[in-house]
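*Asks:* Structure below; questions to follow.
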């Protein structure tokens, strides 16, 4: 049995490899430089071109690009009309922004449990949480796998709810052949550097509803409009614009949009490589009862953002923290995605308590994310697998 590096043995790798990273090539650099030397560098023609490209990629009628994924969620929650006194059901395993967007509007997040095999929001849990005050659902395509749209849409139709899909992980994913972004009332994307495509930061909302589209466009730019049909005091003066509601400055720069346009051209090969790596990991861990592989629903053709390593702790002599630290010592540097949102101290102060989502809480105790990104080489992936197996061998119950 190999001695673990954490106890003085030789690590599997000499250099650290992290769970995610961006891929930027010369085409991306050229696109940004060209835009930086043009006349317009913020909210110009590249932003318009990016919105058109996102409609092509997702199949949505409309796209509104914004400064980041959190801004996308905030504007979607505002456009949905969430307000004080409303309840909005939210995935419990997600980044805090999925829930914070509800708080920004004065509404109350209500956390639904996850499916213990797919880790996505459980429609059965959602049904149990609906009250007369429920106004919508924020459902996360966790790790990139699509939520169960059929079940969630049936619930929304039955109760008159707005469905916001948090697809921060899921650009390139399809549900029953339809691209994520064309299905929910509004779909929100993130383009943070560890996502499949990046604009340094950046986000977007897609929708098929023209009314929501026009409101999102206003909210992105201070609530100001140049459309006389939206004004209280319309005029044909070319200089005139009017603030008709309270909005925000959530605009994207043109050079970010240029980078994203270049990145989206590479989405097919980014997606294909991520699928190759997921298959390699799944096959490597398939015969290891100490490792639980995330289940995929057949309806989802997934471009995976994260690969979740879940431990069957009943078969190991360590806990998640010990396994995490051992993997880090082997220079394979994982991360944890995520703890239940209501574990955050801010949510504790709001009155949320542990115990409300048992599947999510058990999940959190057992998981970490291992490296998954386009430029991860086969040799590096084999090192990750070797490190995982080395630690499992060391901590396996005899």
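No lab work stands behind these numbers, since they all come straight from the coordinates. All figures in this text were calculated on a predicted structure; none of them were measured in a lab. Cβ sites come from the backbone with ideal geometry, for glycine too, and all protein chains shown count toward neighbours.
*Asks:* Using Cα pairs under 8 angstrom and six or more residues apart, how large is the relative contact order of the chain, in percent? Present the calculation step by step, with values, prior to reporting the outcome.
*Replies:* Values: 837 pairs, mean separation 96.2, N = 398.
In percent, rounded to a whole number, it is 24.
*Asks:* Please compute, for the alpha-carbon atoms of the chain, the extent along each of the three principal axes and give them in descending order in Å.
*Replies:* 80, 53, 38
*Asks:* Comparing 36, 327, 306, which has the greatest mean-square fluctuation in the GNM of the chain with Cα pairs linked when under 10 Å apart?
*Replies:* Result: 36 has the largest fluctuation of those listed.
*Asks:* If you don't mind, there's one more thing I want to ask. Hey, for a label at residue 333 modelled as a point 7 Å past Cα toward Cβ, could you say which residues of region 1-25 have their backbone N under 12 Å away?
*Replies:* Within reach of a label on residue 333: 15-21.
*Asks:* Calculate, in nm to one decimal, what residue 239 and residue 83 gain on full extension: separation in residues at 0.36 nm each, minus their alpha carbon distance.
*Replies:* Details: separation 156, 0.36 × 156 = 56.16 nm, distance 3.36 nm.
Gain in length upon complete extension: 52.8 nm.
*Asks:* Can you work out D for region 1-157 in µm² s⁻¹ from Stokes-Einstein, where Rh is the Kirkwood radius over C-alpha pairs, the temperature is 37 °C and the viscosity is 0.692 mPa s?
*Replies:* Numbers: Rh = 19.3 Å.
Stokes-Einstein gives a translational diffusion coefficient of 170 µm²/s.
*Asks:* Which peptide among 188-200, 94-106 comes first, and what is the full order, when sorted by highest mean count of other Cβ atoms within 10 Å?
*Replies:* Numbers: 188-200: 24.0, 94-106: 21.2.
Highest to lowest by the protection proxy: 188-200, 94-106.
*Asks:* Okay, moving on. Which angle from 0 to 90°, rounded to the nearest 10, does the C-alpha axis of helix 26-36 make with the longest principal axis of the chain?
*Replies:* The answer is roughly 30 degrees.
*Asks:* What does the convex hull of the alpha-carbon atoms of region 224-339 project to on average, in nm²?
*Replies:* Numbers: hull surface 54.7 nm².
For the Cα atoms of region 224-339, the hull's average projected area reads 13.7 nm².
*Asks:* If you take the square roots of the eigenvalues of the alpha-carbon gyration tensor of region 65-219 and sort them as a ≥ b ≥ c, do you get rounded (a/c under 1.5), prolate (a/b over b/c) or oblate? Numbers along the way, then the final one.
*Replies:* Values: a/c = 1.44, a/b = 1.13, b/c = 1.27.
Here region 65-219 falls in the rounded category.
*Asks:* Could you state the angle between the C-alpha long axis of helix 267-285 and the longest principal axis of the C-alpha atoms of the chain, as a value from 0 to 90 degrees rounded to the nearest 10?
*Replies:* Result, in degrees: 30.
*Asks:* Only Cα pairs within less than 10 Å get springs; with that Gaussian network setup on the chain, which residue of 153, 290, 229 has the largest fluctuation?
*Replies:* With Cα springs under 10 Å in the chain, the top fluctuation among 153, 290, 229 is at 229.
*Asks:* Compute a Gaussian network model of the chain, connecting alpha carbons closer than 10 Å, and tell me which residue from 77, 151, 329 fluctuates the most.
*Replies:* Among 77, 151, 329, the largest GNM mean-square fluctuation belongs to 151.
*Asks:* Turning to a different aspect of this structure: Would you mind calculating the relative contact order of region 61-139 from Cα pairs under 8 angstrom and at least 6 residues apart, reporting the percent as a whole number?
*Replies:* On the way: 118 pairs, mean separation 25.8, N = 79.
Relative contact order of region 61-139: 33 percent.
*Asks:* Where does helix 149-159 land angle-wise versus the long Cα axis of the chain, in degrees 0 to 90, nearest 10?
*Replies:* Value to nearest ten degrees: 50.
*Asks:* Using r as the Cβ-Cβ distance of residue 288 and residue 18, and R0 as 35 Å, what FRET efficiency do you calculate, to the nearest 0.05? If you can, show how the numbers build up before the last one.
*Replies:* Numbers: r = 23 Å, r/R0 = 0.66.
With R0 = 35 Å, the Cβ-Cβ based efficiency is 0.90.
*Asks:* Taking 2.2 N^0.38 Å as the expected size of a compact globular protein, what ratio does the Cα radius of gyration of region 171-251 give against it, to two decimals?
*Replies:* Details: Rg = 16.1 Å, N = 81, 2.2 N^0.38 = 11.7 Å.
Rg over 2.2 N^0.38 Å, computed on Cα atoms: 1.37.
*Asks:* Fewest first, what order do 308, 205 take by the number of other Cβ atoms within 10 Å?
*Replies:* Values: 308 22, 205 32.
Final ranking by Cβ density, sparse to dense: 308, 205.
*Asks:* Which semi-axes, in whole Å and largest first, does the equivalent ellipsoid of region 58-112 have when worked out from the alpha carbon gyration tensor as the square roots of 5 times its eigenvalues?
*Replies:* Working: eigenvalues 80, 35, 23 Å².
They are 20, 13, 11 Å, listed from largest to smallest.
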